[in-house]
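Working notes for the structure below.
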Amino acid sequence: VTGVGMTQLPIAIASFKGEDSASQKPSAIVLADLERSGQFRGVSVAGMSMDELTRPDFAQIRQKSADALLAGSATRLADGRYEIRAKLWDVVSGQERGDFRETVAAADLRLSSHRMADWVYEKLTGEKGVFATRIAYVTKTSGKYSLWIADSDGENAQSALTSPEPIISPTWSPKG
């Protein structure tokens, strides 16, 4: 076997402390983004819930064949926003690779999770991630054309324009 599947980095992402009460699960979104890239292979750590302050049991995680570990928390603040924190670990050396911290509105949990996936991707590959970017696409239903804008994974789609005429070659403005 050759190709990208042979060089996938095994990463464990523990369930984030406090994410069960959130509308979006940051750990699941980050894992899906990283796996979708083809550069990472998720390692199951089912039942393992950690936050960014927990010192991992590296021997236990190495037994699961993970090279990296992401652990964090999603804390709901009094004003309804969420503080998202995470720590990335190199499981082989036992060294920290960095900290992620962001405070966002509840509606932006998904976007924050994509930004965290970008951060992890860059820390582990040296290249910038694209998970927080958006895609645009056109659909045709019953003779009407619609321009849709969605997250890079196709989720959170919103209609930007509907027209009876074909929508051809939409482009992004300099302001996004």
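The values are calculated or read from the model by the stated rules, or taken from the named source; none is laboratory data. Bear in mind that the values here come from a model prediction, so they are computed numbers and not experimental data. We place every Cβ from the backbone using ideal geometry, glycine too, and count neighbours over all the protein chains shown. Ligands, DNA and RNA are stripped out before the accessible areas are found, and what is left, the full protein with its side chains, is counted by its heavy atoms. Shrake-Rupley method; radii C 1.70, N 1.55, O 1.52, S 1.80 Å.
Quick check: anything in segment 18-40 open to solvent by 80 Å² or more (accessible area, probe 1.4 Å), among the charged types (D, E, K, R) and part of a strand (DSSP E or B)? Before the answer, list the steps.
Within segment 18-40, the first condition is being open to solvent by 80 Å² or more (accessible area, probe 1.4 Å), and the residues that meet it are 20-21, 23, 35-36.
After this cut, where a residue has to be among the charged types (D, E, K, R) as well, the list is 20, 35-36.
Keeping just the survivors that are part of a strand (DSSP E or B) gives none.
The answer is no, given that none of the residues of segment 18-40 is open to solvent by 80 Å² or more (accessible area, probe 1.4 Å), among the charged types (D, E, K, R) and part of a strand (DSSP E or B).
If you go through segment 102-118 one residue at a time, do you hit one that is assigned to a loop (DSSP other than H, G, I, E, B) and either under 13 Å from V30 (Cβ atoms) or out of contact with any helix residue (DSSP H, G or I) (no Cβ under 7 Å at 6 or more places or on another chain) (or both)?
Kept after step one, since they are assigned to a loop (DSSP other than H, G, I, E, B), are these residues of segment 102-118: 105.
Going one step further and asking which of them are either under 13 Å from V30 (Cβ atoms) or out of contact with any helix residue (DSSP H, G or I) (no Cβ under 7 Å at 6 or more places or on another chain) (or both), we end up with 105.
The answer is yes, given that some residue of segment 102-118 is assigned to a loop (DSSP other than H, G, I, E, B) and either under 13 Å from V30 (Cβ atoms) or out of contact with any helix residue (DSSP H, G or I) (no Cβ under 7 Å at 6 or more places or on another chain) (or both).
Would you check which residues across segment 53-91 are in a helix (DSSP H, G or I), open to solvent by less than 50 Å² (accessible area, probe 1.4 Å) and either without any contact (Cβ under 8 Å) to a residue 12 or more places away in the chain or farther than 19 Å from L31 by Cα (or both) and list them? Explain how you work it out, then say what you get.
Step one: filter segment 53-91 for residues in a helix (DSSP H, G or I), giving 58-63.
Filter once more, so that each one left must be open to solvent by less than 50 Å² (accessible area, probe 1.4 Å): 58, 61.
Matches in segment 53-91: F58 only.
What do you reckon, is R101 in contact (Cβ under 8 Å) with a residue 40 or more places away in the chain and of a type in the set (K, R)? Lay out the reasoning, then the answer.
Numbers: in contact (Cβ under 8 Å) with a residue 40 or more places away in the chain: no; of a type in the set (K, R): yes.
When the stated conditions are applied, R101 does not pass them.
So, in segment 126-138, exactly how many residues are surrounded by fewer than 16 Cβ atoms within 10 Å (Cβ to Cβ) and either at pLDDT 95 or above or in a loop (DSSP other than H, G, I, E, B) (or both)?
5
Inside segment 96-125, can you point out the residues that are among the small types (G, A, S) and surrounded by 18 or more Cβ atoms within 10 Å (Cβ to Cβ)?
S112, S113, A117
Which residues, counting only those in segment 142-168, are of a type outside the set (D, E, K, R) and open to solvent by 90 Å² or more (accessible area, probe 1.4 Å)? First the steps, then the outcome.
Kept after step one, since they are of a type outside the set (D, E, K, R), are these residues of segment 142-168: 142-143, 145-150, 152, 154, 156-164, 166-168.
Passing the criteria: S142, Q158, P164, I168.
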